[in-house]
Amino acid sequence: FFKNILVPYDESDHAKSALHVALGMAGQYPEAKVHVVTVIPSAALPNPTLLGEGFETPYAIADPSSYERIMDTAVKRAVADAEEVVDQSRDDAQCKIVADAVIAGSPVEGIADYVESHDIDLVVMGRRGLGALRGMLGSVSFGVLRSVDVPVMTVR
Ligand code: ATP
Ligand code: MG
Ligand code: MG
């Protein structure tokens, strides 16, 4: 069985279905762990390289410690959202479930790094996400399929 299953989570219904499928696969194994992880693209946060003297940012960040605080808040918020959906879907799953969030250059990069650093042996993710465009496969799913060496399951 799969010991460390990653569910990349973006709050879409597809990602929620992916969590449901992952729990169905791992739920009966107390040794299994399902990681529900949101990637916050660093572009969504203020850019620290623009914080030098003479630069204006919409965030008016005066010192690096407040930048740390913004990152911290963003991560905590994402973890709280993931924890909430985990609580709603836990049922009587016996496996371990963790909610996490990471900041990375892109969702694909963050997911690929997480796979490496947490010994992930299966990724279960939505076929689509929050994006409005219709199509076969979202760009994050496509990128993950191309970047990781472990099996990837996409869920509708
Ligand atoms: P696109 O983003 O290409 O416009 P989309 O939003 O419909 O299209 P994706 O972003 O590829 O599709 O989403 C597919 C799946 O990827 C989601 O269901 C989710 O599992 C995962 N995913 C997407 N964005 C993130 C993210 N920021 N953090 C974690 N997982 C994500
Ligand atoms: Mg998307
Ligand atoms: Mg996208």
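Scanning region 114-139 for residues that are open to solvent by 50 Å² or more (accessible area, probe 1.4 Å), within 12 Å of ligand 1 (Cβ to nearest atom) and in a helix (DSSP H, G or I) yields a single hit, S139. Going residue by residue through region 91-101, is there one that turns out to be farther than 19 Å from Y29 by Cα and either out of contact with any Asp or Glu (no Cβ under 8 Å at 6 or more places or on another chain) or surrounded by fewer than 15 Cβ atoms within 10 Å (Cβ to Cβ) (or both)? Yes, the conditions are met somewhere in region 91-101. Quick check on region 91-108. Is at least one of its residues of a type outside the set (D, E), touching a Lys or Arg at 6+ places or on another chain (Cβ under 7 Å) and within 12 Å of ligand 1 (Cβ to nearest atom)? No: region 91-108 contains no residue that is of a type outside the set (D, E), touching a Lys or Arg at 6+ places or on another chain (Cβ under 7 Å) and within 12 Å of ligand 1 (Cβ to nearest atom).
Rundown of residues vs (1) more than 16 Å from ligand 1 (Cβ to nearest atom); (2) open to solvent by less than 50 Å² (accessible area, probe 1.4 Å); (3) out of contact with any helix residue (DSSP H, G or I) (no Cβ under 6 Å at 6 or more places or on another chain), yes/no style:
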position: F2; (1), (2), (3): yes, no, yes
position: Y9; (1), (2), (3): no, yes, no
position: L19; (1), (2), (3): no, yes, no
position: G27; (1), (2), (3): yes, yes, yes
position: P30; (1), (2), (3): yes, no, yes
position: K33; (1), (2), (3): yes, no, yes
position: V36; (1), (2), (3): no, yes, no
position: P46; (1), (2), (3): yes, yes, yes
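Which residue is nearest to H35 (Cα to Cα), if the candidates are limited to region 140-153 and must be in contact (Cβ under 8 Å) with a residue 60 or more places away in the chain and open to solvent by 20 Å² or more (accessible area, probe 1.4 Å)? Per the stated criteria, the residue is M153.
The values are calculated or read from the model by the stated rules, or taken from the named source; none is laboratory data. Every value quoted in this text rests on a predicted model; they were computed, and no experiment measured them. Here the Cβ is made from the backbone with ideal geometry for all residues, glycine too, and neighbour counts use every protein chain on show. Quick note on the areas: whole protein, heavy atoms, side chains included, nothing else; ligands and nucleic acids left out. Shrake-Rupley method; radii C 1.70, N 1.55, O 1.52, S 1.80 Å.
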